[in-house]
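Notes for the one structure printed next.
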Amino acid sequence: MKLVCGSRTLDLATPQVMGVVNVTPDSFSDGGAYFDPDAALARVERVVAEGAAIVDIGGESTRPGAAPVSASEELHRVIPAIERAVRLPVVVSVDTSRPEVMRAAIAAGAHMVNDVRALAAPGALAAVAGTRAAVCLMHMRGSPADMQDDPRYGDVVAEVAAFLAARVAACERAGIARERIAIDPGFGFGKTLEHNLELLRRLGTLGEAGLPVVVGLSRKRMIGAITGRPVGERLAGSVAAAVIAVLRGACIVRAHDVAEAVDGLRIVAAVMQGENG
């Protein structure tokens, strides 16, 4: 399986890591450690050196309860980091839901758009359709400000799969080829712990669409709920969850601790290659 990302193509014959680069002052995971442009570049370089195939640069926090920032502020945060990152041998993704940020990021060289709202904002489909950029469509119930206010589902896996199928169809109608589309069930975005666990157990259902499945489990609240660990001590749980996700069909794992995630996925890949051989 491959994902066409603008001028670059990502080979997903083996699972790949998407390294997180938050250029925000209020990220849940790093507390704004990479808000400074030089710190952001250093983070990008480290993520690439540690083996990430994708760097995901975001300028607006989407943690539960997060308040939105203006488009101008988001642009101010992400564009300098993208302009520097595209010089490196890595797929550069912009984590945004705003069409104006998507357009500016792609113009600056970004190869991929990672959207927690699955290109649902007015103008978002058009912002990507006229380019060669890839897109990751994520499921989220509600918004970051209210998504954890008592989320409910009849069948969380079926409802997430149906939503993603509808958004994929919308992309295709807009002219975005399937080879440019990945899907993400949105762990922690409008889901309880049990919803997240059920999605992880039945992740293979989403893979039946024949599209790359992206998962973001790193340092999430669900890891803390299970292990009792604070954000800074969730490495082991995060890698374990990533390994389980890949064994259930995920192709791309979004991670804060890139080197450790890469090592974990290399072990999985070695085992899977032996099975396929």
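Screening V157 against (1) touching a strand residue (DSSP E or B) at 6+ places or on another chain (Cβ under 9 Å); (2) outside any loop (DSSP other than H, G, I, E, B); (3) of a type in the set (A, V, I, L, M, F, W, C) leaves a single unmet condition, (1). With respect to the conditions (1) surrounded by 19 or more Cβ atoms within 10 Å (Cβ to Cβ); (2) within 22 Å of L10 (Cβ to Cβ); (3) at pLDDT 95 or above, R84 falls short on a single one, namely (3).
Apart from one condition, D150 fits all of (1) on the phi > 0 side of the Ramachandran plot; (2) charged (D, E, K, R); (3) at pLDDT 95 or above; the exception is (3). Taking the listed residues L206, L199, L265, the one that is in contact with a Phe, Trp or Tyr (Cβ under 7 Å, 6 or more places away or on another chain), assigned to a helix (DSSP H, G or I) and buried (at least 18 other Cβ atoms within 10 Å of the Cβ) is L199, with no other qualifying.
Determine if the range 184-196 includes at least one residue that is within 19 Å of C251 (Cβ to Cβ), without any contact (Cβ under 8 Å) to a residue 40 or more places away in the chain and touching a strand residue (DSSP E or B) at 6+ places or on another chain (Cβ under 8 Å). Taking every residue of the range 184-196 in turn, at least one turns out to be within 19 Å of C251 (Cβ to Cβ), without any contact (Cβ under 8 Å) to a residue 40 or more places away in the chain and touching a strand residue (DSSP E or B) at 6+ places or on another chain (Cβ under 8 Å). Here I176 meets each of (1) assigned to a loop (DSSP other than H, G, I, E, B); (2) among the aliphatic types (A, V, I, L, M); (3) surrounded by fewer than 16 Cβ atoms within 10 Å (Cβ to Cβ) with one exception, condition (3).
Considering the range 50-91, and only residues there that are among the polar types (S, T, N, Q) and in a loop (DSSP other than H, G, I, E, B), the residue that is farthest from M138 (Cα to Cα) turns out to be S70.
When the residues of the range 224-243 are filtered to those that are more than 17 Å from the chain's Cα centre (by Cα) and among the aliphatic types (A, V, I, L, M), the one that is farthest from A209 (Cα to Cα) is V231.
The values are calculated or read from the model by the stated rules, or taken from the named source; none is laboratory data. The structure displayed is predicted, hence computed values, not measured ones. Cβ: placed from backbone, ideal geometry, glycine included. Neighbour counts: every protein chain shown.
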